[in-house]
Amino acid sequence: MYNTPVTSLDTLKLTDKRREIVEIMGFNSVEEILEHYPSRYEINYLNKKEEFIKGARVTFKGKVLGPCKYINAGYKKSVVRFKCIDQYGDELNCTVFNRPWAYQQIKDGHDIIVIGIVDGTNRINVVNYYVDKDLRDVLGIKPIYPVKADVTQTMIRSLIKSVRIKLHGQIVDELPPSLIKEHRLISREEALNYIHEPKTIDEYKLALSRLKYEEFLNFYLALYMRQVPISSKKAKVFALDKINELIKRLPFDLTKDQLAVIKEILIDLKSDKLMMRLVQGDVGSGKTVVAVIALYANYLAGYQGAMMAPTEILAKQHYAAIKDLLAPLGIRVDLLSSSSKNRKFLIERLQSGDIDIIIGTHALFSDDVKMDKLGLVITDEQHRFGVNQRKRLLAKGEDVDFLLMSATPIPRTLAAAIYGDMAISSIYTMPSGRKGCDTIVIYQNKIDLIEDEIKKILREGRQVYIIASAIDKSEVDGMVDAISLYEKLKRVFAPFETGLLHGRLTNIQKDQIMNDFAENKIKVLVTTTVVEVGVNVPNATCMVVYNAERFGLSQLHQLRGRIQRSHYKGRFFLLCDDPGDDVKARLDVLANTNDGFKIAEEDLKLRGPGDLLGTRQSGLPSFVLGDLMSDRIFIDAAQKDARTILADPRRAEYQRIVLKAQKNISDSLG
Ligand code: ADP
Ligand code: MG
């Protein structure tokens, strides 16, 4: 995706048969065919007799002995059996499952090469067989490609090979010759040949180095070119003692990390460079109060501030919290969301400077929202906002400092890779007095085992969240859905009041239910992940997640944060039916640590950065070959080289790759 310009498929003059394969596979350009890399390789060589151990995958050649037998084993099931003498003179009984045509192909006296699994003494389950084929065609390193529908390995191999042959000598190398030389890379054409058809492991490794480096270089070029340049602004002037007074008035002592982050932000505000800072800290680590102090400093300097949240519920909570702290100081705080009835009036007051701090959802992006003197924008849960939205917001003022808040901690290596030059502040410690949370995994997707325990929690006066991954039955097969669950649990937990919250309710309905839950009128809240972000109901100390296998680790960790907001120890129940080993391993990570940074790192290892960040929203490419976590060497080189190139982008040998990066940017920004 990040490697080459787009060449139309018409240039290939494909046969109808091949066109069909191209269509099924969804290839749109020549490059997409060439960059359809094998997902793995099979290495076949003739095995020694001592390697024929039960369970081993072996390759041997032999002669078919007698006719084969066909057994019909029911609908679409069949078994073909034949005997053969292998190259060591042993008689082997071979079985081919569900390939009835084998009966036509394998005949007495044929030379045959078999790849199969040893199933017992002289018994082989055939994986693949080749009748009357040259050994050289079968042995060696074979690419195995991801395929769709009825496309076979043979079909895709021959398609890709024919394209490579057709383009021989015409594959453009975009890497500057000086870099190819410096890193001792092979040419693009060689790399493509080697990745698709390596004759040795070394050839494969050479190909991988070249292609990975190129992917990263293209990525960093585009990333650096896209970055909003750090521009100048008027330095903000404010009195520190006022800020200290506010800190003293807080109902708690700030943690060491909170204080450190606040200090970093205040330095940024005072500087004459625009602030671009990411504050990351686990759910409940106390980011809101950091935002409040930043907004206060910005206000003292004579500027308006805006804070954006991804959901209406969250915007309202921020509004309430911020108003609580700042309204007593005479600061005019208001809320603008898509359901604001007084929208027109609010916009007028923003423009005339009669509102000091505005809290809102994406409604703040609208073009008709103009500010009198905007000086600071804070976005909460930033990864849900795209680069473009960010730019539009910044355009609403001249000295707009920018602060991102994220509760999805990103391991430092990755953060540097994604955010490039952005400054990063981290809150690692939680406010003291928190009791934390027990995480219990239950291997059935039913509440029965924990029903009594939950009733006990309810009798103690605490509240409970129940999370379902689907809203109603129609959504996904086999998922427990919120609506049916609500119907059931309302009876189970009666007389305790149960409520239902999901994304398809109107905003008014959602607010009503959220308020009733916050005011402890609703005791059990059955909901989807609408509650994931930021919602603050300290008295809710228990959460049950159905179909826990459907969620990412970081997402579950976020959910868990909802029930760790008080002095009571939380109870976090994860329900799932019959999980495989990988699901078990993932849920164990969660049960064993409460450290969001560690969890993010695991998530990254297990599911890749796309899942962690939501590739679409973050603009982060899914690398085809490269791996942000393990390819440190390539990343470092690519970052350095991208900067070298951008320092002198007009240099002749950089032209091709710079143009390419520009094109990538315009494509990705739409
Ligand atoms: P998040 O980082 O998830 O946005 P919040 O800012 O919502 O966390 O803080 C969670 C809760 O912790 C809030 O109720 C807040 O008032 C409280 N809190 C924040 N900082 C401290 C602190 N230093 N000591 C005690 N409680 C705190
Ligand atoms: Mg928050």
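The values are calculated or read from the model by the stated rules, or taken from the named source; none is laboratory data. Every value quoted in this text rests on a predicted model; they were computed, and no experiment measured them. Backbone-built Cβ (ideal geometry, glycine too); neighbour counts: all protein chains shown. Ligands, DNA and RNA are stripped out before the accessible areas are found, and what is left, the full protein with its side chains, is counted by its heavy atoms. Shrake-Rupley method; radii C 1.70, N 1.55, O 1.52, S 1.80 Å.
Values computed for the structure shown
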| quantity | calculated |
| --- | --- |
| From 69, 107, 133, residue being at pLDDT 90 or above, part of a loop (DSSP other than H, G, I, E, B) and farther than 30 Å from residue 32 by Cβ | 107 |
| Near pairs, Cβ below 6 angstrom, 6+ apart or cross-chain, from segment 282-296 (at negative phi) to any residue that is near ligand 1 (Cβ under 6 Å from one of its atoms) and part of a loop (DSSP other than H, G, I, E, B) | 283/407 |
| Residue that is surrounded by the most Cβ atoms within 10 Å (Cβ to Cβ), among those in segment 626-657 that are of a type in the set (Gly, Ala, Ser) and in a helix (DSSP H, G or I) | 638 |
| Selection status of residue 342, closer than 13 Å to residue 378 by Cβ and either more than 16 Å from ligand 2 (Cβ to nearest atom) or open to solvent by 40 Å² or more (accessible area, probe 1.4 Å) (or both) | no |
| Residue count for segment 138-180, restricted to those that are loosely packed, with under 12 Cβ neighbours inside 10 Å and assigned to a helix (DSSP H, G or I) | 3 |
| Segment 65-79: number of residues that are open to solvent by less than 50 Å² (accessible area, probe 1.4 Å), within 12 Å of residue 96 (Cβ to Cβ) and over 46 Å from the mean Cα position of the chain (by Cα) | 1 |
| Some residue of segment 523-531 being at pLDDT 95 or above, open to solvent by 10 Å² or more (accessible area, probe 1.4 Å), farther than 15 Å from residue 317 by Cβ and out of contact with any Lys or Arg (no Cβ under 6 Å at 6 or more places or on another chain) | yes |
| Residues being crowded, with 21+ Cβ neighbours inside 10 Å, at pLDDT below 75 and more than 16 Å from ligand 1 (Cβ to nearest atom) - total across segment 396-416 | 0 |
| Selection within segment 423-463 - within 30 Å of residue 404 (Cβ to Cβ) and not in a loop (DSSP other than H, G, I, E, B) | 423, 424, 425, 426, 427, 437, 439 |
| Selection count, segment 454-505, where residues are within 29 Å of the chain's Cα centre (by Cα), hydroxyl-bearing (Ser, Thr, Tyr) and farther than 15 Å from residue 542 by Cα | 2 |
| Breaking point among (1) crowded, with 19+ Cβ neighbours inside 10 Å; (2) free of Cβ contacts under 8 Å to residues at least 12 places away in the same chain, for residue 267 | (1) |
| Residue in segment 229-243 that is of a type outside the set (Ser, Thr, Tyr), within 30 Å of residue 430 (Cα to Cα) and without any contact (Cβ under 8 Å) to a residue 40 or more places away in the chain present | yes |
| Options 539, 515; residue that is more than 16 Å from ligand 2 (Cβ to nearest atom), among the polar types (S, T, N, Q) and closer than 17 Å to residue 459 by Cα | 539 |
| Selection status of residue 469, more than 16 Å from ligand 2 (Cβ to nearest atom), open to solvent by 80 Å² or more (accessible area, probe 1.4 Å) and touching a residue at least 24 places away in the same chain (Cβ under 8 Å) | no |
| Residues that are modelled with pLDDT under 80 and open to solvent by 10 Å² or more (accessible area, probe 1.4 Å), drawn from segment 534-553 | 534, 536 |
| Residue list for segment 269-289, filter: assigned to a loop (DSSP other than H, G, I, E, B) and either of a type in the set (Asp, Glu) or away from ligand 2 (no atom under 16 Å from the Cβ) (or both) | 271, 272, 274, 275, 282 |
| Any hit, segment 387-394, residues being open to solvent by less than 40 Å² (accessible area, probe 1.4 Å), modelled with pLDDT under 95 and within 16 Å of ligand 1 (Cβ to nearest atom) | no |
| Pairs, first small (Gly, Ala, Ser) in segment 328-353, second open to solvent by 50 Å² or more (accessible area, probe 1.4 Å) and assigned to a helix (DSSP H, G or I), C-beta under 6 Å, six or more apart | 339/507 |
| Selection count where residues are under 30 Å from the mean Cα position of the chain (by Cα) and touching a residue at least 24 places away in the same chain (Cβ under 8 Å), scope segment 140-159 | 10 |
| Failed condition for residue 292, given (1) part of a helix (DSSP H, G or I); (2) in contact with a Phe, Trp or Tyr (Cβ under 7 Å, 6 or more places away or on another chain); (3) within 30 Å of residue 597 (Cα to Cα); (4) not charged (D, E, K, R) | (2) |
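Here's the yes/no breakdown for (1) away from ligand 2 (no atom under 16 Å from the Cβ); (2) part of a helix (DSSP H, G or I); (3) in contact with a Cys (Cβ under 6 Å, 6 or more places away or on another chain):
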site: 189; (1), (2), (3): yes, yes, no
site: 210; (1), (2), (3): yes, yes, no
site: 235; (1), (2), (3): yes, no, no
site: 247; (1), (2), (3): yes, yes, no
site: 254; (1), (2), (3): no, no, no
site: 258; (1), (2), (3): no, yes, no
site: 261; (1), (2), (3): no, yes, no
site: 267; (1), (2), (3): yes, yes, no
